[in-house]
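Scroll down for the structure; my scribbles are underneath it.
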Amino acid sequence: MSAFRSVPLGAVCLLFAAACAATPQFEGRDALAPSTRPSPLAPPALAEAVRRLWNSSPDIQAARAELEAARARARAAAQPLYNPSLALDAENADVDRRTTGISLPLDLGRKRRARADQGQAELRASEAAYDVQRRDLAARWLKAWAVAALAGRQSGLGQRRVALMRRFDALAAERLKVGDIGSPERDLAALALGEAQVQQATLQSQAAAAQAALLAIEGRVAPAPPPLPSGLPPAIDVITPRATGDLPDMVQARSELASAEAGVQVARRARVPDPTISFTGGQVRSGPRTDRVIGMSVSIPLPVLNNGRAEVDAAIADVDAAAARLQSRRQSLDARLAGFSERYRALRHADEAFRGSRAAAFEDRVALLEKLWRAGEIGTSDYLVQLKQSLDTALSGLELEGQAWQAWFDYLTAAGRLNDWLAGRTQDANR
């Protein structure tokens with residue numbers, strides 16, 4: 001409320017006292033009640049909701065299909081490079097010839113081994129990418145879930161404000177008819193109600209937007225997610241971060257580097273010509289005479305026009321790029337963990353301090369304001385200003401709580417422990 005004028009206490013005191021007494025209480029716990037000791041593990045219902053999300057998400061289904069494709073490509077890369085060829089020759093002339101031949105290129109350069117190594121490295125990169133996809137989807141959903149849950153609480157608190165102001169406005173209209181108050185006091189009540197309704201519309205639109213964002217990630221009408229825990233997120237020291245090298249992002253980057261290094265070997269061994277050995281057998285008939293023939297031939301390509309050096313140079317450049325990306329990824333992950341750790345510590349400390357302060361005692365403060373107003377210690381305009389400040393503070397406290405939960409999910413993601421937290425583990429887990 002932008003401004004309120006002081007008005008006589010007289011009949012307005014009795015008027016607003018009746019409004020306060022008739023206002024329905026806000027359902028549920030106090031929005032800013034002191035928190036209980038937080039659990040270091042995710043609620044089972046929350047973990048189940050994330051598992052349902054993984055099972056139904058098209059993004060995860062696509063990632064799973066890509067992983068299966070990578071497995072198939074790895075199996076294909078381990079297969080022999082060449083298949084034998086069968087040749088049948090027949091000739092009718094002065095000499096009738098009937099021969100059968102079989103030929104097979106020989107992998108003397110061990111190209112199959114190099115291709116198999118590259119396929120395995122690409123498979124490990126795909127497995128790590130699948131883990132990253134699952135983790136990132138869970139983090140997005142959890143953050144959207146926290147925003148939607150807090151937006152719902154804020155909307156509920158706003159509804160209480162509207163109910164309080166609507167009752168006050170109705171009583172003011174009745175008192176104005178009988179002459180107990182004047183027009184300025186009546187206008188004051190109407191202004192308070194109008195502002196509360198505008199603010200509530202904003203809160204409701206924010207809650208609807210948060211629900212829409214959550215639904216966009218789920219992609220379907222899913223069972224209602226569990227409510228946000230009433231306490232603070234866990235302390236940061238209950239979750240030990242993984243070593244940077246064990247994070248799936250780093251596993252993916254290292255596997256991509258290994259794939260690029262294997263690609264150099266593939267390119268180098270491709271420069272080695274593979275000979276083709278052929279065996280031929282059959283018979284040749286010339287007049288009354290028939291002879292059996294057996295032959296063997298060896299052919300080898302000559303790398304004269306294209307010696308494959310450019311492919312090797314390109315593969316070496318790919319290794320340099322992959323190594324640089326690996327180093328960049330490591331620096332980024334270290335910086336992200338440090339940044340999210342400090343941000344979470346700061347927000348959690350602020351939220352904890354807020355809950356332990358007088359500012360969090362919303363119900364007590366509203367009751368005290370009413371008592372002071374009844375006793376004539378404060379005027380009506382002062383009462384409304386302080387009541388508005390109390391409501392705004394309560395909403396700000398919910399916003400701070402939401403930011404703390406957002407920072408908690410960011411920290412778990414950066415620490416490589418989000419899936420562990422959802423699975424009920426804190427430290428000793430491989431994934």
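The values are calculated or read from the model by the stated rules, or taken from the named source; none is laboratory data. All values reported here derive from a predicted model rather than from experimental measurement. Neighbour counts are summed over all protein chains in view; Cβ atoms, including those assigned to glycine, are modelled from backbone coordinates with ideal geometry.
Worth pointing out:
- Selection status of Q118, under 30 Å from S299 (Cα atoms) and surrounded by 19 or more Cβ atoms within 10 Å (Cβ to Cβ): yes
- Among the residues of the stretch 107-145, none is identified as assigned to a helix (DSSP H, G or I) and under 30 Å from G282 (Cα atoms).
- Extreme residue, farthest from A114 (Cα to Cα), among residues of the stretch 260-287 that are surrounded by fewer than 18 Cβ atoms within 10 Å (Cβ to Cβ) and among the basic types (K, R): R285
- Taking each residue of the stretch 42-61 that is crowded, with 18+ Cβ neighbours inside 10 Å and looking for partners that are acidic (D, E) and assigned to a helix (DSSP H, G or I) with beta-carbon atoms closer than 7 Å, six or more apart or interchain, yields L53/E218.
- Unmet criterion (only one of (1) farther than 30 Å from N307 by Cβ; (2) touching a Lys or Arg at 6+ places or on another chain (Cβ under 6 Å)) for P248: (2)
- Candidate set from the stretch 84-101 (those that are in a loop (DSSP other than H, G, I, E, B) and in contact (Cβ under 8 Å) with a residue 12 or more places away in the chain); member that is surrounded by the fewest Cβ atoms within 10 Å (Cβ to Cβ): D94
- Some residue of the stretch 203-224 being part of a loop (DSSP other than H, G, I, E, B) and at pLDDT 85 or above: no
- Any hit, the stretch 164-175, residues being surrounded by 13 or more Cβ atoms within 10 Å (Cβ to Cβ) and modelled with pLDDT of 80 or more: yes
- Close pairs (9 angstrom Cβ cut-off, 6 or more residues apart or separate chains): more than 29 Å from G356 (Cα to Cα) in the stretch 222-250, at pLDDT below 85 and basic (K, R) anywhere: P248/R431
- Yes/no for L104 being part of a strand (DSSP E or B) and under 27 Å from Q265 (Cβ atoms): yes
- Residues of the stretch 265-303 that turn out to be over 30 Å from V319 (Cβ atoms) and not charged (D, E, K, R), as a count: 20
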